[in-house]
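What follows is one structure encoded as structure tokens, with my remarks underneath.
The values are calculated or read from the model by the stated rules, or taken from the named source; none is laboratory data. Computed from a predicted model, the values in this text were never measured in an experiment. All Cβ positions, even for glycine, are placed from backbone atoms using ideal geometry, and neighbour counts span all protein chains on display. Surface areas here come from the heavy atoms of the whole protein model, side chains and all, with no ligands, DNA or RNA. Shrake-Rupley method; radii C 1.70, N 1.55, O 1.52, S 1.80 Å.
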Amino acid sequence: MFSYRHGFHAGNHADVLKHTALIAVLKHLTAKPTALTVVDTHAGAGLYRLDSDFAGTSGEAQDGVLRLAASPLATDPALSPLVRDYLDLVASFNPKGGLKVYPGSPFVIQSLLRHEARDRLRLFEMHPTDSKALAGHVAQMEAGRQVAVQRADGFESLRALLPPPSRRALVLIDPSYEIKSDYAKVAACIQESLKRFVTGTYFVWYPVIPRPEAHELPRRLKTIANHAARPWLHATLSIGQSEAKAPVGEPAKGHGLTASGVFVVNPPHTLKAGLQLALPQLLEALGRGRGKGQALESAG
Ligand code: SAM
């Protein structure tokens with residue numbers, strides 16, 4: 001526990017997929033004037049420097065947001081609205097140009113919330129260092145009562161928040177899966193949350209890795225959503241294996257996670273069409289070798 005630090009992975013291909021879809025969901029949910037409650041059960045540190053020792057060591061943003069932003073697609077008028085929104089949001093954290101700062105989910109979400117509608121954001125992060133960093137970043141933002149940070153278990157804490165007073169909610173569940181039990185916890189959390197608040201939008205990220213629990217998770221989530229008679233959407237992006245060999249004496253970079261997925265219960269009805277345009281473009285910009293691909297399925 002606690003060996004995972006999102007700073008090593010910030011802005012990688014998995015963040016690109018997750019945050020692109022997250023922005024699309026939030027833009028839809030905040031188009032209605034009524035208040036929205038957002039819960040981020042596994043928030044991370046909130047803001048990351050892409051030129052830090054962390055990010056520099058792993059080089060993962062290089063194969064993610066940095067590659068996307070530098071690709072010819074980024075300036076192509078045919079760029080999909082979802083990818084445009086993602087790149088614009090990341091760029092807004094870098095007003096001097098370049099991409100040095102990367103917003104994690106807390107700041108992706110917060111930048112889309114509305115004060116006048118009384119939207120609320122609840123953030124949970126267990127890591128001692130990252131929860132401190134998150135609290136500091138949020139304090140700097142002077143968001144007042146809109147954002148609350150707690151060093152607490154996100155799975156456990158979610159229970160008390162559903163149903164929210166606003167009766168409209170988005171829940172992001174984005175664990176590090178460093179312990180195998182996280183997969184079962186995600187499935188149980190969705191099942192229980194749907195019982196408490198069936199109309200909430202639940203957004204899960206998971207790694208596509210050769211591990212039975214990871215393989216099973218989207219299947220279990222489909223079964224849970226189908227039993228609750230709720231619509232769902234499932235999208236995956238695989239950038240494939242890197243063909244590049246690391247220079248002699250240097251650690252291999254980018255040989256870690258090559259694919260990930262997002263599973264959304266009660267997705268906005270616009271999300272599928274948006275991702276249908278966005279996913280092939282993300283693949284074109286980020287795909288790099290054997291095993292690359294994207295997939296999108298939905299029901300309801
Ligand atoms: N959602 C973030 C984003 O998109 O920027 C990334 C989150 S990272 C994948 C997962 C985080 O969950 C890690 O920072 C880890 O310390 C934290 N964590 C692990 N178990 C947790 C738990 N039970 N409750 C809350 N946070 C937890």
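Among the residues of segment 7-16, is there at least one that is more than 28 Å from P280 (Cα to Cα) and within 10 Å of the ligand (Cβ to nearest atom)? No, segment 7-16 contains no residue that is more than 28 Å from P280 (Cα to Cα) and within 10 Å of the ligand (Cβ to nearest atom).
Entry remark, segment 55-105: residues being in contact with a His (Cβ under 9 Å, 6 or more places away or on another chain), open to solvent by 40 Å² or more (accessible area, probe 1.4 Å) and part of a helix (DSSP H, G or I) number 1 in total. Hey, among the residues in segment 129-153 that are acidic (D, E) and either outside any helix (DSSP H, G or I) or surrounded by fewer than 14 Cβ atoms within 10 Å (Cβ to Cβ) (or both), which one's farthest from the ligand (Cβ to nearest atom)? Selected residue: E142. Pairing each residue of segment 147-158 that is of a type outside the set (A, V, I, L, M) with any residue that is at pLDDT 95 or above, provided the two are 6+ apart or on different chains, yields C-beta distances under 6 Å for Q150/F124; R151/S131; G154/T41; G154/H42; G154/F124; F155/K185; F155/C189; S157/F124. Just one of the listed residues (H28, H19) is near the ligand (Cβ under 9 Å from one of its atoms), in contact (Cβ under 8 Å) with a residue 40 or more places away in the chain and either closer than 25 Å to G240 by Cα or not in a strand (DSSP E or B) (or both), namely H19.
If only residues of segment 174-197 that are away from the ligand (no atom under 16 Å from the Cβ) and open to solvent by 60 Å² or more (accessible area, probe 1.4 Å) are counted, the one that is farthest from V108 (Cα to Cα) is K195. Of the residues making up segment 123-149, those that are farther than 12 Å from A45 by Cα and in contact with a helix residue (DSSP H, G or I) (Cβ under 8 Å, 6 or more places away or on another chain) are M141, A143, Q146, V147.
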